[in-house]
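To start, the structure under review is shown below, and the notes come after it.
The values are calculated or read from the model by the stated rules, or taken from the named source; none is laboratory data. Note that the coordinates shown come from a computational prediction; the quantities given were computed from them, not determined experimentally. Cβ placement follows ideal geometry from the backbone for every residue including glycine, while neighbour counts extend to all protein chains displayed.
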């Protein structure tokens, strides 16, 4: 059959073509790539021009038959539009009517193009196609049919996809609405739950706050009760501490009195030890034992002073020592009595020897008087004929000295009614006032500045007429008209006595006593005048003033004027005398440079460094005394030298050179070999200070940190 043969030829031509030679994968799954290939515009082979030229050069032979037979075979599987296109157009006409363009025509253009082919089929003369052209036309017709079918399928799939997307979008919109509703409901539920939680938490917090407030009130009450108990405990402790301190001070005073009694008994033993002329008596054992006991008691006093109060064991030991000393003196006196009996029996035989001894004693007294006072032989003006130095104080200094002694006597007379009264009530007032004035001074120590301030306030309140607590009772100077004068006198006396006893034993104690005395002096000048009067009476070298022996003056009275203690016609040892003078001079030198730190800083010192300079100059203008002048100058310069150095600078060093070059040789000339101790100590001090060009601060000087304690 021709159609069958034509098909075979067509297939053979397709196999021979470039596309037919391509290898296709039978398992390949066509997809979008097929559709993309269908959408692309049809293209002719690069040899299409040559083929058309060949066709045009030939005459048509079998064109109608080929044109009429091909569409019949292909019209079955295509649509009505494609079949009409195949029946009205031949492959040759298709090849000639379509331009050789690479652009893909649109659907409308395709329809119009086919319509033009149908209308102009008969009018356009077509050259008779060859067989290859007809095959190529059929191929192009088949490709166009496949392209249209693909486009139709793509359109349907796009419409289906749009319907699916629209349905999915509507479903998603509904789901989103449902999700928003659920989310809003959940948020509302969460808000309600949170609100309930907040309300319950607020109620719980309020309950906890109420509980805390109640707990706070309970704890505040408990704390207030504890504070009251602590305050009461503190007050009880303070009261116990005050009682303990008073008891300690009482024990300390008792210890001092025991020491004084022991020393007095020791002096008596020393006095009795001089009775070596008594037959068959040896007091060396008594003397040695009494000296041992005195050393033990002094050690107890020193330990108690350092500790601030004596222990009960120390008090027992001191009492035992006192009893032993009393036993010693009693035994010694008994032996002396027996010896005196023996002496009386031999009195007639020793009459001549006794007379000789009396004459010897008189000579010793005269020698003592000559040793204590420079020779009264002097020219007018009070100066030594060969040295040019004075043997007595300047007239102005003497007037000042006598004026202070006059005030001293007037003060004693002003409270004579209180002092001499035998009335029990007045006696009690006198005793209370004396304790209130002297006990605080005895409590002064280097422990802390706060303690000194309490003592100062207590003394100042007493002198200001306020009531103070002392001995378990409230005491005031207003209890008696003469109470203030009595307290003035006793207070000044106690300050000087502390210098005589406490400072003499512990040099560093001078500064706390001096600073309190200076503060009281500044507020109550009468006390300062009485301190000076007491000091001059016990230590005339602080004036300086060297009393002269007047005709008719008893020797014992003159020795008291020089500062010696005379008891039972016996003069104290020289070492004890120098020790007491040293303590009082050190206290005076400390008062001259110290001021109460809480007083009026704008005012001047009531008795400052200008008096120290005058006192030092007066000493150097007077003839030195053996053993006394070296001790006084050393103690005065060691305590007050640093302050004088800072105040007077070059002038002070000139005076120091004067002491070394001119005055020291005078002291050395009158010092015996047994009195070289104080002289050598003074010489070493001078050399050391002049070598270093500095006088160090004295031991025990109160630093600024002391007042922070």
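What number of residues within the range 279-296 satisfy the criterion of being surrounded by fewer than 18 Cβ atoms within 10 Å (Cβ to Cβ) and modelled with pLDDT under 65? Even if it seems obvious, please write down each step before you answer.
Going through the range 279-296, the residues surrounded by fewer than 18 Cβ atoms within 10 Å (Cβ to Cβ) turn out to be 279-280, 282, 284-285, 287-289, 291-292, 295-296.
Pick out the ones that are also modelled with pLDDT under 65 and you get 279-280, 282.
The number of residues fulfilling the criteria is 3.
Kindly list the number of the only condition in (1) closer than 21 Å to residue 606 by Cα; (2) surrounded by fewer than 22 Cβ atoms within 10 Å (Cβ to Cβ); (3) in contact with a helix residue (DSSP H, G or I) (Cβ under 9 Å, 6 or more places away or on another chain) that fails for residue 525.
All conditions are met except number (3).
Which numbered condition trips up residue 563, out of (1) within 20 Å of residue 701 (Cα to Cα); (2) in contact with a helix residue (DSSP H, G or I) (Cβ under 8 Å, 6 or more places away or on another chain)?
(1)
Only one residue in 183, 226, 203, 177 is assigned by TED's automatic domain parsing to the domain that holds residue 308 and free of Cβ contacts under 8 Å to residues at least 40 places away in the same chain, so which one is that?
Working: 183 fails: assigned by TED's automatic domain parsing to the domain that holds residue 308; 203 fails: assigned by TED's automatic domain parsing to the domain that holds residue 308; 177 fails: assigned by TED's automatic domain parsing to the domain that holds residue 308.
Unique residue meeting the criteria: 226.
Output the qualifying pairs, or none if there are none: Cβ atoms under 7 angstrom, residues six or more apart or on different chains, first residue in the range 295-310 and over 19 Å from residue 261 (Cβ atoms), second residue surrounded by fewer than 16 Cβ atoms within 10 Å (Cβ to Cβ).
Going by the 7 Å Cβ cut-off, the qualifying pairs are 308/447.
Could you tell me whether residue 601 is closer than 12 Å to residue 522 by Cα, modelled with pLDDT under 90 and exposed (fewer than 15 other Cβ atoms within 10 Å of the Cβ)? Steps first, answer last, please.
Values: closer than 12 Å to residue 522 by Cα: yes; modelled with pLDDT under 90: yes; exposed (fewer than 15 other Cβ atoms within 10 Å of the Cβ): yes.
When the stated conditions are applied, residue 601 passes them.
Conditions first: (1) modelled with pLDDT of 55 or more; (2) outside any helix (DSSP H, G or I); (3) surrounded by fewer than 16 Cβ atoms within 10 Å (Cβ to Cβ). Residue 388 passes all but one, so which condition is the exception?
(1)
Has the range 139-152 got at least one residue that is out of contact with any strand residue (DSSP E or B) (no Cβ under 9 Å at 6 or more places or on another chain), surrounded by fewer than 11 Cβ atoms within 10 Å (Cβ to Cβ), at pLDDT 90 or above and assigned to a helix (DSSP H, G or I)? Lay out the reasoning, then the answer.
Applying the first criterion (out of contact with any strand residue (DSSP E or B) (no Cβ under 9 Å at 6 or more places or on another chain)) to the range 139-152 yields 139-152.
When the remaining residues are screened for being surrounded by fewer than 11 Cβ atoms within 10 Å (Cβ to Cβ), the result is none.
No; the residues of the range 139-152 include none that is out of contact with any strand residue (DSSP E or B) (no Cβ under 9 Å at 6 or more places or on another chain), surrounded by fewer than 11 Cβ atoms within 10 Å (Cβ to Cβ), at pLDDT 90 or above and assigned to a helix (DSSP H, G or I).
Out of the range 563-578, which residues are closer than 16 Å to residue 631 by Cα and surrounded by 17 or more Cβ atoms within 10 Å (Cβ to Cβ)? Spell out how you get there, then give the answer.
In the first step, residues of the range 563-578 are kept if they are closer than 16 Å to residue 631 by Cα; the result is 563-564, 573-578.
563, 564, 577, 578, listed by residue number.
Could we say that residue 576 is farther than 23 Å from residue 401 by Cα and part of a helix (DSSP H, G or I) here?
Values: farther than 23 Å from residue 401 by Cα: yes; part of a helix (DSSP H, G or I): yes.
Judged against the criteria, residue 576 is a match.
Return only the number of the condition from (1) modelled with pLDDT of 80 or more; (2) closer than 30 Å to residue 333 by Cα that residue 213 does not satisfy.
For residue 213, the failing item is (2).
What about residue 612, is it modelled with pLDDT of 90 or more and touching a helix residue (DSSP H, G or I) at 6+ places or on another chain (Cβ under 9 Å)?
Working: modelled with pLDDT of 90 or more: yes; touching a helix residue (DSSP H, G or I) at 6+ places or on another chain (Cβ under 9 Å): yes.
Yes, satisfied.
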